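Written out below as structure tokens is the structure these notes cover.
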Amino acid sequence: MLTDVACRKAQPGPKDRKIPDALGLYLFVTAKGAKSWRWKYRFAGKEKKLIFGLYPEVSLVRARQLRDDARAELAQGLDPSVERKRRKAIATSESLETFRQVALAWHKQRAKLWIGVQKGV
């Protein structure tokens with residue numbers, strides 16, 4: 001299993017490389033030096049990968065938590081990749097609905113002024 005020291009000291013090589021941790025989690029180090037956490041899993045007979053984020057923004061401990069959460073979804077028969085997209089779509093939809101509410105309130109308030117301007121008030 002990886003340690004934080006090993007993650008920090010991981011140097012880029014001539015090719016991209018994977019440094020394994022456990023249960024499919026690995027640190028992917030590109031030839032240019034970027035490091036990202038990835039998790040390899042199988043769903044419906046297909047191999048898939050999920051990217052958790054860049055190291056050190058996402059720590060080793062956090063990457064393991066994210067992997068464990070994704071494994072729990074997988075154990076429930078859900079595809080973690082699809083679930084992530086679903087959660088993102090819901091969050092986007094909620095923020096758009098909030099924007100819609102603010103925009104309608106602003107329009108309602110301004111409409112009174114616009115009507116007054118048209119009447120010559």
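Tabulated results
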| item | result |
| --- | --- |
| Residue that is farthest from R8 (Cα to Cα), among those in the stretch 21-70 that are among the charged types (D, E, K, R) and assigned to a strand (DSSP E or B) | K46 |
| Contacts under 8 angstrom Cβ, first residue in the stretch 77-91 being closer than 15 Å to R67 by Cα, partner assigned to a loop (DSSP other than H, G, I, E, B), 6 or more apart | D79/A44 |
| Scan of the stretch 95-119 for residues that are modelled with pLDDT of 80 or more and under 30 Å from A70 (Cβ atoms), ordered by number | T98 |
| Of the criteria (1) loosely packed, with under 11 Cβ neighbours inside 10 Å; (2) in the same structural domain as R8 (by TED's automatic domain parsing); (3) in a helix (DSSP H, G or I), which one W114 fails | (2) |
| Test result for G77, exposed (fewer than 13 other Cβ atoms within 10 Å of the Cβ), at pLDDT 95 or above and either touching a strand residue (DSSP E or B) at 6+ places or on another chain (Cβ under 6 Å) or not in a helix (DSSP H, G or I) (or both) | yes |
| From the options P56, P12, P20, residue that is more than 26 Å from E83 (Cα to Cα) and in contact with a strand residue (DSSP E or B) (Cβ under 9 Å, 6 or more places away or on another chain) | P12 |
| Matching entry among K48, K88, K108 (being under 14 Å from the mean Cα position of the chain (by Cα) and of a type in the set (K, R)) | K88 |
| Candidates L66, L104, filtered to the one that is of a type in the set (A, V, I, L, M, F, W, C), in contact with a Phe, Trp or Tyr (Cβ under 6 Å, 6 or more places away or on another chain) and free of Cβ contacts under 8 Å to residues at least 40 places away in the same chain | L66 |
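The values are calculated or read from the model by the stated rules, or taken from the named source; none is laboratory data. Computed from a predicted structure; not experimentally measured. For neighbour counting, all protein chains shown are included, and Cβ atoms are generated from backbone atoms with ideal geometry for every residue, glycine included.
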